[in-house]
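J.: Take this structure, written in structure tokens, and hold onto it; I'll ask about it next.
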Amino acid sequence: MSMIQEANCIRRFKRVCGDGWDQGWHERNGGNLTYRMTEEDVKVCMPYFTIKGHEWVDMGVKAPELAGAFFVTTGSGKYMRKVALDTSDCIGIVEINETGDAWRIVWGLTNGGRPTSEFPTHFMNHSVRMKATDGANRVIYHAHTPNIITLSTLIEPDARRYSRILWKSMTECIIIFPEGVGVVPWMVPGGAEIAQATSELMQTYEAVVWTQHGLFCSGSDFDETFGLMHTIEKSAGLYLSARAAQGGSEPAYLIADDELRQVCTAFGVSPNDAFLD
Ligand code: 2HA
Ligand code: ZN
């Protein structure tokens, strides 16, 4: 195993891929993960980079503020389950060119691999989240979270409706995503249209539901991003179980709006008022 795999950013990246698999979020090649490396990460990994034989590949989207950035990314068609086993085949590091509209592989994705099919979506979301958080957000994670997908077959694709269900099913949700969640209606994955729709919502939300597909989450580090995904998915599951236990109707004792406000006051967070009664 090459020493680059001991780098903190690679170890933590691999951990998320494995944890997501363990949760049942990544059937076959489902889901993808990208991480915008820090200068320190790049310094540690640089000795293992090679650009020989790697061409710039146009992305079809552009973000000049990400010019020269380096990303760790899962590979297109690769399995999260295999990342720990065949790391350099399943993931890679790409460099962004100086106009911010093309990538080239500098490490990994051996055997002719390419970054995830959702790379343009991740890239645009990195741009939006970096600006929205003053550079703090570095991780974008997409998973096929089963409870969120099930929920999206039962309710309309409306951000207020989802946010209220998720906040009201588990007390601390509103502290973790006080702005609520965004919702993209059903769309074809992998294209510019879903990239555009998601990145518009990510100006406001750290998490966006993809109807009948899964979730897109962002965060400043791997723990925070995985934790956000996990919290949203768990809350959706609790709601579905409660609803099923009650014969399919709305659970009788969801957390009240006034109680949600009390939690926010106690923990010093400002909720998205438009989503509270
Ligand atoms: O990587 O999940 O949305 C496969 C996908 C595409
Ligand atoms: Zn997907």
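J.: Sort through MET80, MET59 and tell me the only one that's within 16 Å of ligand 2 (Cβ to nearest atom), among the aliphatic types (A, V, I, L, M), open to solvent by less than 70 Å² (accessible area, probe 1.4 Å) and touching a residue at least 40 places away in the same chain (Cβ under 8 Å). Quick ask: steps written out before the conclusion?
T.: Values: MET59 fails: within 16 Å of ligand 2 (Cβ to nearest atom).
Matching residue, one of MET80, MET59: MET80.
J.: Considering only the range 20-49, state which residues are out of contact with any strand residue (DSSP E or B) (no Cβ under 6 Å at 6 or more places or on another chain) and part of a loop (DSSP other than H, G, I, E, B).
T.: Answer for the range 20-49, where residues must be out of contact with any strand residue (DSSP E or B) (no Cβ under 6 Å at 6 or more places or on another chain) and part of a loop (DSSP other than H, G, I, E, B): GLY24, HIS26, GLU27, ARG28, ASN29, GLY30, THR38.
J.: If you go through the range 174-191, how many residues are in contact (Cβ under 8 Å) with a residue 12 or more places away in the chain, open to solvent by 10 Å² or more (accessible area, probe 1.4 Å) and either more than 16 Å from ligand 2 (Cβ to nearest atom) or β-branched (Val, Ile, Thr) (or both)?
T.: So the count comes out to 5.
J.: Collect the residues in the range 140-156 that are within 16 Å of ligand 1 (Cβ to nearest atom), outside any loop (DSSP other than H, G, I, E, B) and open to solvent by less than 10 Å² (accessible area, probe 1.4 Å), keeping them in residue-number order.
T.: The answer is ILE140, TYR141, HIS142, ALA143, ILE148.
J.: Taking the conditions exactly as written (of a type in the set (Gly, Ala, Ser) and open to solvent by 10 Å² or more (accessible area, probe 1.4 Å)), does GLY100 satisfy them or not?
T.: no
J.: Here is a further query. Do we have any residue at all in the range 152-175 that's hydrophobic (A, V, I, L, M, F, W, C) and within 17 Å of ILE194 (Cα to Cα)? Quick ask: steps written out before the conclusion?
T.: Narrowing the range 152-175 to residues hydrophobic (A, V, I, L, M, F, W, C): 154-155, 159, 165-167, 170, 173-175.
Subset that is within 17 Å of ILE194 (Cα to Cα): 159.
The answer is yes, given that some residue of the range 152-175 is hydrophobic (A, V, I, L, M, F, W, C) and within 17 Å of ILE194 (Cα to Cα).
J.: Quick one: is PHE216 open to solvent by 10 Å² or more (accessible area, probe 1.4 Å) and either within 16 Å of ligand 1 (Cβ to nearest atom) or touching a helix residue (DSSP H, G or I) at 6+ places or on another chain (Cβ under 9 Å) (or both)? Give the steps one after another, and end with the answer.
T.: On the way: open to solvent by 10 Å² or more (accessible area, probe 1.4 Å): no; either within 16 Å of ligand 1 (Cβ to nearest atom) or touching a helix residue (DSSP H, G or I) at 6+ places or on another chain (Cβ under 9 Å) (or both): yes.
So PHE216 does not fit the description; no.
J.: Would you be able to tell me the number of residues in the range 164-209 that are farther than 18 Å from GLY227 by Cβ and part of a helix (DSSP H, G or I)?
T.: The total comes to 13.
J.: Residues that are among the small types (Gly, Ala, Ser) and either over 25 Å from GLU40 (Cα atoms) or modelled with pLDDT of 95 or more (or both), at least 1 per element: which strands (runs of 3 or more DSSP E) completely within the range 50-139 meet that?
T.: Numbers: elements: 70-74, 91-96, 102-108.
Once the strands (runs of 3 or more DSSP E) in the range 50-139 are filtered for at least 1 residues that are among the small types (Gly, Ala, Ser) and either over 25 Å from GLU40 (Cα atoms) or modelled with pLDDT of 95 or more (or both), what remains is 91-96, 102-108.
J.: Which residues, taken from the range 115-150, are over 14 Å from the mean Cα position of the chain (by Cα) and more than 16 Å from ligand 2 (Cβ to nearest atom)?
T.: LYS131, ALA132, THR133, ASP134, GLY135, ALA136
J.: Return the residues of the range 103-130 that are surrounded by fewer than 23 Cβ atoms within 10 Å (Cβ to Cβ) and of a type in the set (A, V, I, L, M, F, W, C); say none if nothing qualifies.
T.: If the condition is that a residue be surrounded by fewer than 23 Cβ atoms within 10 Å (Cβ to Cβ) and of a type in the set (A, V, I, L, M, F, W, C), then VAL106, VAL128, MET130 are the ones that fit.
J.: Filtering the range 2-49 down to residues that are open to solvent by less than 70 Å² (accessible area, probe 1.4 Å), more than 29 Å from HIS213 (Cβ to Cβ) and polar (S, T, N, Q), which residue is farthest from the chain's Cα centre (by Cα)?
T.: This residue is SER2.
J.: Which of the residues spanning the range 62-77 are open to solvent by 40 Å² or more (accessible area, probe 1.4 Å), within 21 Å of GLY112 (Cβ to Cβ) and not hydroxyl-bearing (Ser, Thr, Tyr)?
T.: Result: GLY77, single match.
The values are calculated or read from the model by the stated rules, or taken from the named source; none is laboratory data. All values reported here derive from a predicted model rather than from experimental measurement. Don't worry about glycine lacking a Cβ; one is built from the backbone with ideal geometry, like all the others, and counts go over all protein chains shown. Protein only, heavy atoms only, side chains kept; ligands, DNA and RNA dropped before computing areas. Shrake-Rupley method; radii C 1.70, N 1.55, O 1.52, S 1.80 Å.
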